[in-house]
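Asker: Sharing a structure below in structure tokens format, with a few things to ask.
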Amino acid sequence: MSITTTTLRPKRQVTIPQLLAQQLNWQIGDQLIFETKNKQLVVLNQNQAAQDTLDAIRKSLQSSGISLKEFLKDSRKIRKEIVREKYGDDFVNDLR
């Protein structure tokens, strides 16, 4: 675990310290995800977050006995339910 500080500049910009970027294997141009949890900022690399999500799905499918084909068939419905849970009915209805 590394701890370092940086300063929030007038345009609400921060510089990711080089040591942290290297440790996380972040490259210039990587898309970052900003999320708050318990009043703390969590920054994730979008590509890594996507890979982690796919790995979690793969493990869940294996442990549940659901085939990939079956999962893909129902994935649209599943995604809609997840979006509804996270963002609410109004958001989902506006997508139509």
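The values are calculated or read from the model by the stated rules, or taken from the named source; none is laboratory data. Remember, predicted model here, so these are calculated numbers, not experimental data. Glycine gets a Cβ as well: all are built from the backbone with ideal geometry, and neighbour counts include every protein chain shown.
Asker: Consider only pairs whose beta carbons are under 6 Å apart and that are at least six residues apart or on different chains; among these, list those whose first residue lies in region 21-34 and is under 19 Å from T4 (Cβ atoms) and whose second residue is surrounded by 12 or more Cβ atoms within 10 Å (Cβ to Cβ).
Answerer: Qualifying pairs under 6 Å: W26/N45; D30/N45; L32/V43; F34/V43.
Asker: Right, here's the next one. Can you say whether A49 is of a type in the set (G, A, S), at pLDDT below 90, surrounded by 11 or more Cβ atoms within 10 Å (Cβ to Cβ) and under 18 Å from the mean Cα position of the chain (by Cα), as far as the supplied structure shows?
Answerer: Answer is yes for this residue.
Asker: Within region 68-96, work out how many residues are at positive phi and exposed (fewer than 10 other Cβ atoms within 10 Å of the Cβ).
Answerer: Total satisfying the criteria: 0.
Asker: How many residues, within region 28-46, are in contact with a helix residue (DSSP H, G or I) (Cβ under 6 Å, 6 or more places away or on another chain) and surrounded by 12 or more Cβ atoms within 10 Å (Cβ to Cβ)?
Answerer: Selection size over region 28-46: 1.
Asker: Is it true that some residue in region 17-30 is of a type in the set (F, W, Y) and in a strand (DSSP E or B)?
Answerer: No.
Asker: Still on this structure, please answer the following. In region 11-29, is there at least one residue being within 27 Å of N93 (Cα to Cα) and either modelled with pLDDT under 85 or of a type in the set (A, V, I, L, M) (or both)?
Answerer: No, region 11-29 has no match at all.
Asker: What do you reckon, is A50 under 23 Å from L20 (Cβ atoms) and not polar (S, T, N, Q)?
Answerer: Yes: the conditions hold for A50.
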